[in-house]
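Structure, as structure tokens:
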Amino acid sequence: MNPPRAVQTTAAAPAGGHYSQGVVHNGVIYVSGQLPTKPDGTRCGHLPFEEQAALALENVLAIVGAAGGSPRSVLKVTVYLVGVERWAAFNAVYAARMGDARPARAVIPVPALNHGALIELDAIAAVEPKSRD
Amino acid sequence: MNPPRAVQTTAAAPAGGHYSQGVVHNGVIYVSGQLPTKPDGTRCGHLPFEEQAALALENVLAIVGAAGGSPRSVLKVTVYLVGVERWAAFNAVYAARMGDARPARAVIPVPALNHGALIELDAIAAVEPKSRD
Amino acid sequence: MNPPRAVQTTAAAPAGGHYSQGVVHNGVIYVSGQLPTKPDGTRCGHLPFEEQAALALENVLAIVGAAGGSPRSVLKVTVYLVGVERWAAFNAVYAARMGDARPARAVIPVPALNHGALIELDAIAAVEPKSRD
């Protein structure tokens, strides 16, 4: 078995703890939970919800992209949302960005998130396996 | 890499947002979070908990079945529960339906769910890969 | 398709409901949500948080190990935490135990957990496939 391959990209928020942005194994990338944090590390839990949703989603897609995937190769997205009433606003931001891609998805309300964020997303996506994965 | 294959079946609740009921890649189906909603789209967040649990589980199993899987091919179920005190009632409904099948599982209490539901389930299951997956 | 293979080990907390400690398919193990429970079944939701975090993580790693994996083969860990303010304490315990291994990770605050626990962890890890997986 080849060891899992960590993915690191400056196009997404840097890992803020003991984890990799994403890990690839056997043609699948597992993307860490992404908050509304800019690639330069600026936390954006104070911004309007729609902007937070877009930022977190861009982080996910940048990490998937760094591993050779795309929105269409995303398999499952799990969305952790502060306030179930934000479901429709999230779905609108997500649909606009994902376009034809419709991965499996679960939206899970939570009581709070790190750094006051209103949304966190993680994902699993298919990527081209490299010969050593 | 072949693109992930979306699964769509009228035997489970229709997708109520920008997602597929399930997505298959490399012999694995990723099932979207399933609420207690009937295949005709009727939301059942008002029913007793046990009926909600059974409905959500039937949706998961119908989507797995539409991709060629079965309860025994389910790998992991994540259960989002409003009220940790409903754990035992959920476990009883689940055990009765799953029988000999004992996938990995996590039960996660949440503050609320969409449409007033008391339970949501998502899952990962093994399915026979088609030649194009 | 070979059926998923259940993993059972006395080195981790026994399954306390209708689930397996872990399930292996196609070189990947799906580990059930692990609470701070000792391998002898003693629940430890009364212990200080750091001890709870260590116990839950040891359960995950024991199940991964029983399937032939190791900390370095872990792909994704999902951490369910009662109280987002415990993030830093968790990260310290986790970093000390995981060492060079930095799987993908998501930390999700929840309102409560079973048996009064403050933390639950589940995981996906790469393992050597057996010929029958």
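The values are calculated or read from the model by the stated rules, or taken from the named source; none is laboratory data. All of these numbers come straight from a predicted model, not from anything done at the bench. As a convention, Cβ positions derive from the backbone with ideal geometry for all residues, glycine included, and neighbour counts pool all protein chains shown.
Taking into account only those residues within the range A:20-40 that are part of a loop (DSSP other than H, G, I, E, B) and more than 14 Å from the chain's Cα centre (by Cα), which is farthest from A:LEU118 (Cα to Cα)?
Taking the range A:20-40 first, the residues part of a loop (DSSP other than H, G, I, E, B) are A:20-21, A:26-27, A:35-36, A:38-40.
Remaining after also requiring more than 14 Å from the chain's Cα centre (by Cα): A:26-27, A:40.
Details: A:ASN26: 32, A:GLY27: 31, A:ASP40: 19 Å.
The selected residue is A:ASN26.
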* Considering (1) surrounded by 24 or more Cβ atoms within 10 Å (Cβ to Cβ); (2) small (Gly, Ala, Ser); (3) under 26 Å from A:TYR94 (Cα atoms), say which one B:ALA6 fails and leave the rest. => (1)
* **Of residues in the range C:95-133 being modelled with pLDDT under 95 and among the charged types (D, E, K, R), the one farthest from the chain's Cα centre (by Cα)** => C:ARG132
* **The listed residue being under 22 Å from A:GLY22 (Cα atoms) and either β-branched (Val, Ile, Thr) or touching a Cys at 6+ places or on another chain (Cβ under 8 Å) (or both), out of C:VAL60, C:VAL23, C:VAL110, C:VAL82** => C:VAL60
* Could you figure out which of (1) more than 25 Å from A:VAL79 (Cβ to Cβ); (2) among the aliphatic types (A, V, I, L, M); (3) within 12 Å of chain A (Cβ to nearest Cβ) isn't true of B:VAL31? => (1)
* For C:HIS18: the one exception among (1) more than 30 Å from A:PRO36 (Cβ to Cβ); (2) more than 8 Å from every other protein chain (Cβ to nearest Cβ) -> (2)
* **Residue satisfying all of: in the range C:51-94; crowded, with 23+ Cβ neighbours inside 10 Å, of a type in the set (Gly, Ala, Ser) and over 11 Å from the mean Cα position of the chain (by Cα); nearest to the other protein chains (Cβ to nearest Cβ) among these** => C:SER73
* Can you tell me which residues in the range C:32-46 are farther than 15 Å from C:GLY83 by Cβ and not polar (S, T, N, Q)? -> C:GLY33, C:LEU35, C:LYS38, C:PRO39, C:ASP40, C:GLY41, C:ARG43, C:CYS44, C:HIS46
* **Residue that is farthest from B:ASN2 (Cα to Cα), among those in the range B:34-48 that are surrounded by 20 or more Cβ atoms within 10 Å (Cβ to Cβ) and either within 14 Å of chain A (Cβ to nearest Cβ) or of a type in the set (Ser, Thr, Tyr) (or both)** => B:THR37
